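Visitor: Have a look at the structure that comes next, please.
The values are calculated or read from the model by the stated rules, or taken from the named source; none is laboratory data. Remember, it's a predicted structure, so these values are computed and weren't measured experimentally. All Cβ positions, glycine included, derive from the backbone under ideal geometry; neighbour counts span all protein chains shown. Each accessible area value is taken on the protein alone, full model and side chains, heavy atoms only, with ligands, DNA and RNA left out. Shrake-Rupley method; radii C 1.70, N 1.55, O 1.52, S 1.80 Å.
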2 protein chains.
Amino acid sequence: MSLPQKTVFIISDGTGITAETFGHSVLSQFTHVYTFKQVREPFVTTIEKLKEIIARIDALADEGNPPIIFSTMVDHDLVEHLRRSKGIFLDIFGACVNTLELSLNVRSQPTVGRSHLDANSEAYHKRIEAINFTLAHDDGQFVHGLQEADVILVGVSRSGKTPTSLYLAMQYALKVANFPLIPEDFERGQLPKTIKPYRHKLFGLSIQPERLAEIRSERRPNSQYSSIEQCRYEVAEAEHLMRMQNISWLSSTSKSIEEISTTVLQILKLDQDTY
Amino acid sequence: MSLPQKTVFIISDGTGITAETFGHSVLSQFTHVYTFKQVREPFVTTIEKLKEIIARIDALADEGNPPIIFSTMVDHDLVEHLRRSKGIFLDIFGACVNTLELSLNVRSQPTVGRSHLDANSEAYHKRIEAINFTLAHDDGQFVHGLQEADVILVGVSRSGKTPTSLYLAMQYALKVANFPLIPEDFERGQLPKTIKPYRHKLFGLSIQPERLAEIRSERRPNSQYSSIEQCRYEVAEAEHLMRMQNISWLSSTSKSIEEISTTVLQILKLDQDTY
């Protein structure tokens, strides 16, 4: 039996990315009864543009299937217009902002868009710098400037270091370098020399040998590199080395880059932020 | 006069990334009265762990400064415990889930964590593939497989193509290639040959020459490459070429990668999603 489809409008005066992420999370609790078709409407700042969208919302409602609306618009007039549409209106910030105004006994100061994503802000500039640093320091390709790194990831080739590094840079403005652990390191029983002074920034990724062989095979099928024997050897040696060197590590096998990143922040005590 | 500081707890049974983004947006409407110190508490799935956090919340409240709590926990017992703490509790999904249950006349089905970020899901696998594709196709370095690309960004060197490409891959699981436009292309008055067949996937980035000169100077100070004359020449030629070739483009000068990405999705009609 296929589930009925519900249209979801993501309406924002900015990019709508917060509304989209939020909406996705909320609707994941309703996927047993509906499938959802999401329509993104970013940069809605005029009444003309909004009226055109409301017309489409009302048309769907008139056909008997009122769409769901997630909105993060801040302009009071626009919000009131949207609230009077025939869709199921969810003002995602509204309830929380009201509770805070009451609890803190202050008025909120609406800002259109999200200031910390403002391309002219210092915080944004720092993020872009972090992304550039991280790209330049991928896979041990550049060893200068490691004293500036916030995090240095280590692990065997294809254990998930690169996507995790990029996520940490993009989401948290962290400068991340990553270094492969290779058979030469295992023979010496030592970390690569260049990263030894930065032990407090190190975090290791490991992975199940079977999964590693699969991933490597996509890249270089039927090679020594992707053989299960080689993968077993490298993973065992890398885990042994990390244990000996007292480096925190986790297995990335069934973890998303978000989950890995969150753990890295916890372990390296980078999980506080001020704004 | 410095503003008083308020502690903010982000408490989640998963990574807490949704709660953090959401909390940041809500609190940006209160930065005229407070500064915020954010403490992230991810992976809270046991009552023992939660009680330890509540003790810290209550201690702050007893000192006269009750912290703000953003929570996305789903387990009913845990939520009720947290609700009885002395902090200012904001159950960010609660209100929306309730409204939807009433409007749709169905029960929600709570899921711990967010399924579409599940590392074992097809959607997640697609995201990682997109990131790998995008890294391999950065800066025109690899011209094979362009038929698989969802988006191909073009623009002069340092106009913002790489961070935008990575954001599109990471956030939207899109395979993005990017190609620099160089003086050789301008002389020929033509797009690079390899990308000509994919006109419908092309999107251009431009930038103010003054800003471009600044960015290039960080990399190669006092070079021909970073001179204002060279930047003016390249930008004028690139914009002329994009206009001639009928390619949609925008100026990245004062736009964030989120804003640029959102526009790319709109223009290339990639802004619908089903789940």
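Visitor: Accessible surface of B:MET244 in the full protein assembly, 1.4 angstrom probe, to the nearest 10 Å²?
Guide: B:MET244 has an accessible surface of roughly 130 Å² with all protein chains in place.
Visitor: Counting only protein heavy atoms, probe 1.4 Å: which residues of segment A:63-105 lose 50 Å² or more of accessible surface in the full assembly compared with their chain by itself?
Guide: Going by heavy-atom accessible area, the residues of segment A:63-105 that drop by at least 50 Å² are A:ILE88, A:LEU90, A:PHE93, A:CYS96, A:LEU100, A:LEU104.
Visitor: Once the convex hull of the C-alpha atoms of segment A:37-162 is built, how many Å³ does it hold per residue, rounded to a whole number?
Guide: 202
Visitor: Report the chymotrypsin sites (Phe, Trp or Tyr not before Pro) located in segment B:99-159 that are in a DSSP loop and have at most 16 other Cβ atoms inside 10 Å of their Cβ, or state none.
Guide: B:PHE142
Visitor: Name the lysines eligible as straight-distance cross-link partners of A:LYS175: C-alpha to C-alpha under 17 Å, and not fewer than 8 places from it in the same chain.
Guide: A:LYS126, A:LYS161, A:LYS201, A:LYS269
Visitor: Using the heavy atoms of the protein chains and a 1.4 angstrom probe, tell me the accessible area per residue for the protein assembly as shown in square angstrom.
Guide: I get 45 Å² per residue for the protein assembly as shown.
Visitor: Work out the P(r) tail for segment B:118-267: percent of alpha carbon pairs separated by more than 17 Å, whole number.
Guide: Here the tail beyond 17 Å accounts for 60 percent of pairs.
Visitor: For segment A:64-159, which trypsin sites (Lys or Arg not before Pro) are both in a DSSP coil and crowded by at most 16 other Cβ atoms within 10 Å?
Guide: When the trypsin sites (Lys or Arg not before Pro) of segment A:64-159 are filtered for loop state and at most 16 Cβ neighbours within 10 Å, A:ARG84, A:LYS86, A:ARG107 remain.
Visitor: What does the buried accessible surface come to for A and B, summed over both chains, with the probe at 1.4 Å? Round to 100 Å². Present the calculation step by step, with values, prior to reporting the outcome.
Guide: Working: alone 16310 and 16340 Å², together 24580 Å².
Buried surface at the A/B interface: approximately 8100 Å².
Visitor: Right, something else. What is the average number of partner chain Cβ atoms found within 10 Å of a Cβ in A:268-274?
Guide: For peptide A:268-274, the averaged partner shielding equals 4.
Visitor: Using the Kirkwood radius over C-alpha pairs as Rh, can you work out the diffusion coefficient of segment B:226-268 via Stokes-Einstein at 10 °C, viscosity 1.306 mPa s, in µm² per second?
Guide: Working: Rh = 11.8 Å.
Reported coefficient: 135 µm²/s.
Visitor: Once you list every other residue whose beta carbon is under 15 Å from the beta carbon of A:THR7, what net charge do they have if Lys and Arg are +1 and Asp and Glu are -1?
Guide: -2
Visitor: Continuing with this model, one more query. With respect to the symmetry axis carrying chain A onto chain B, which residue of chain A exhibits the smallest Cβ distance to that axis, and what is the value in whole Å?
Guide: Nearest residue, distance rounded to whole Å: A:ALA95, 2.
Visitor: While we're here: For segment B:5-104, what ratio Rg/Rh do Cα atoms give with a Kirkwood hydrodynamic radius?
Guide: Expressed as Rg/Rh, it is 0.97.
Visitor: When only C-alpha pairs under 8 Å and at least 6 residues apart count, what is the relative contact order of chain A, in percent? Intermediate results must be reported in sequence, preceding the final value.
Guide: On the way: 393 pairs, mean separation 36.2, N = 275.
Taking the mean separation of contacting Cα pairs over the length of chain A, I get 13 percent.
Visitor: Right, another one. Using a label point 7 Å beyond Cα on the Cα-Cβ vector, give me the inter-copy distances for B:LYS126 in nanometres, one decimal, shortest first.
Guide: Distances between equivalent label points, in nm: 3.5.
Visitor: Kindly express, to the nearest 10 degrees and within the range 0 to 90, the angle between helix B:257-267's C-alpha long axis and the longest C-alpha principal axis of chain B.
Guide: 70
Visitor: Over segment A:146-192, what is the relative contact order in percent, taking alpha-carbon pairs closer than 8 angstrom and at least six residues apart?
Guide: Details: 53 pairs, mean separation 19.6, N = 47.
Across segment A:146-192, relative contact order equals 42 percent.
Visitor: Given the alpha-carbon gyration tensor of chain B, what are the semi-axes of its equivalent ellipsoid in whole angstrom, ordered largest first, with each equal to the square root of 5 times an eigenvalue?
Guide: Semi-axis lengths for chain B are 46, 24, 15 Å.
Visitor: What's the average, rounded to a whole number, of partner chain beta-carbon atoms within 10 Å of each residue's beta-carbon in B:255-264? Mind dumping the intermediate values first?
Guide: Working: counts 3, 13, 8, 11, 9, 2, 2, 9, 3, 0.
Counting other chains' Cβ atoms within 10 Å and averaging over B:255-264 gives 6.
Visitor: Ignoring ligands, DNA and RNA, what percent of the 1.4 Å accessible area of chain A is carbon and sulfur?
Guide: Working: 6030 of 12280 Å².
Carbon with sulfur: 49 percent of the solvent-accessible area.
Visitor: Shifting gears a bit: Please report the antiparallel percentage of the DSSP beta bridges confined to the protein assembly as shown, to the nearest 5.
Guide: Percentage antiparallel, nearest 5: 10.
Visitor: Placing a label point 7 Å from Cα toward Cβ, how far apart in nm is B:GLU63 from its equivalents in the other copies, listed shortest first to one decimal?
Guide: 5.7
Visitor: Identify the GluC sites (Glu not before Pro) of segment A:42-148 meeting these criteria: DSSP loop state and at most 12 other C-beta atoms within 10 Å of the C-beta.
Guide: Values: sites: A:GLU48, A:GLU52, A:GLU63, A:GLU80, A:GLU101, A:GLU122, A:GLU129, A:GLU148; in loops: A:GLU63.
Of the GluC sites (Glu not before Pro), the ones in loops of segment A:42-148 whose Cβ has at most 12 other Cβ atoms within 10 Å are A:GLU63.
Visitor: Let me ask something additional. Residue by residue through A:12-25, how many Cβ atoms from other chains fall within 10 Å of the Cβ on average?
Guide: Mean shielding count: 6.
Visitor: What are the residues whose amide H is under 5 Å from the amide H of B:VAL156, where those residues sit 5 or more places off or on another chain and H is modelled from the backbone?
Guide: Here B:LEU181 satisfy the definition.
Visitor: Just from the alpha-carbon atoms, what are the Rg and Dmax of the protein assembly as shown in angstroms?
Guide: Considering the protein assembly as shown through its Cα atoms, Rg and Dmax are 24.5, 72 Å.
Visitor: Then there's this: I'd like to know how segment B:42-101 sits against the 2.2 N^0.38 Å rule of thumb: what's its Cα Rg over that expected value?
Guide: Details: Rg = 12.0 Å, N = 60, 2.2 N^0.38 = 10.4 Å.
Cα Rg divided by the expected 2.2 N^0.38 Å: 1.15.
Visitor: Every other copy gets compared here: list the nm distances from the A:LYS193 label point (7 Å along Cα to Cβ) to its counterparts, shortest first, one decimal.
Guide: Inter-copy label distances (nm, one decimal, shortest first): 4.6.
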